[in-house]
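First the structure, in the form of structure tokens, and then the observations on it.
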Amino acid sequence: MSSSVTVLQEGYSRWKVKDMSMYACGTATLVQSGGKSILVDTLGPFDRDKLVKLLADRKLHPDSISIVVGTHNHTDHIGNLNLFIKCDHYVGDQKSRGDYFEFDVFKDHTYKDFYLTDNVRLFSTPGHTENCVSVVVEKVDKLDTVGVVGDLFESGEDVKDESLWLEAGSVDPDEQRKNRERIYSYCDYIVPGHGGMFKACKPM
């Protein structure tokens with residue numbers, strides 16, 4: 001059974017207004033696989049109504065979402081988690097539902113990844129922050145394997161110019177480079193944290 005990946009809204013980042021500041025909103029992506037609708041990143045809190053409309057345009061309600069993944073804990077990526085109160089949340093390396101929390105969801109997984117559905121894997125990909133995650137979707141119609149990676153990749157342009165992701169912030173550049181290479185080598189297309197989907201022209 002094939003999967004689908006739909007970029008609901010491309011993110012943007014404009015660095016910088018003054019020292020240590022920027023205008024930004026993360027990319028929001030809808031993954032549909034195995035009868036489940038998975039939302040990866042929820043825009044910023046200022047885009048609450050827009051996100052509800054983007055879902056409604058696809059005949060979805062927040063209660064229709066099966067899983068929400070926040071790629072990391074910056075507000076431009078997880079600003080609307082409270083719209084989704086009937087599903088599991090994975091934010092970084094934590095899982096929650098209601099007031100129940102699990103910490104370090106990768107602790108029992110040797111390669112720091114596991115399947116959310118038959119075709120959707122959650123990868124631990126720290127670097128931008130200490131507990132970033134990426135979603136890798138397999139068997140995507142016409143695209144094959146797609147990585148939805150948050151700020152592991154800032155945009156398609158940063159493949160050739162690493163200053164773009166370094167200047168956007170990285171708590172561990174060496175770890176981020178390692179995880180960028182891992183995801184890039186595995187995926188055919190990548191949805192970055194602040195831009196549109198781009199083709200991964202392997203090797204990196």
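Which residue, Met20, Asn73, Gln32, has the largest displacement toward the positive end of the dipole of region 15-78 when charges sit on each Cβ (Lys, Arg +1; Asp, Glu -1)?
Gln32
What GluC sites (Glu not before Pro) does region 121-204 have in DSSP loop regions with at most 14 other beta carbons within 10 Å?
Answer by residue number: Glu130.
Post the alpha-carbon centroid distance, region 1-16 to region 164-204, in whole angstrom.
Between the Cα centre of region 1-16 and that of region 164-204, the gap is 14 Å.
At 0.36 nm per residue, and after removing the present C-alpha to C-alpha distance, how many nm does the segment from Ser2 to Glu162 gain when stretched out fully?
Taking Ser2 through Glu162 to full extension adds about 54.3 nm, to one decimal.
Treating only the Cβ atoms of Lys and Arg (+1) and Asp and Glu (-1) as charged, compute the dipole magnitude of region 34-85 about its Cα centre; round to the nearest 20 debye.
The dipole magnitude comes to about 180 debye.
Can you tell me how region 26-174 classifies by the Cα gyration tensor, rounded, prolate or oblate, using a/c under 1.5 as the rounded cut?
Note, shape of region 26-174 comes out rounded.
Can you give the charge dipole size of region 26-140 about its Cα centre, rounded to the nearest 20 debye, using +1 on the beta carbon of Lys and Arg and -1 on the beta carbon of Asp and Glu?
Computed about the Cα centre, the dipole is about 380 debye.
With charges set only on the Cβ (+1 for Lys and Arg, -1 for Asp and Glu), what does the dipole of the chain come to about its Cα centre, in debye to the nearest 20?
540 debye
As an exercise, identify the trypsin sites (Lys or Arg not before Pro) in region 27-70 lying in DSSP coil whose Cβ has no more than 10 other Cβ atoms within 10 Å.
Lys59
How large is ³J(HN,Hα) for each residue in region 183-191, as worked out from phi by the Karplus curve 6.51 cos²θ - 1.76 cosθ + 1.60 (θ = phi - 60°), to whole Hz, x for Gly and Pro?
Along region 183-191, the couplings run 5, 4, 6, 8, 9, 8, 9, 10, 9 Hz.
Out of Thr125, Thr117, Thr29, any idea which swings most in a Gaussian network model of the chain, alpha carbons joined below 10 Å?
Evaluated over the chain, the most mobile residue of the options is Thr117.
Laboratory data are not the source of any read-out in this text; all were calculated from the coordinates shown. These numbers were taken from a predicted model, which means no experiment stands behind them. Reconstructed Cβ throughout: ideal geometry from the backbone, glycine too, with neighbour counts over all protein chains shown.
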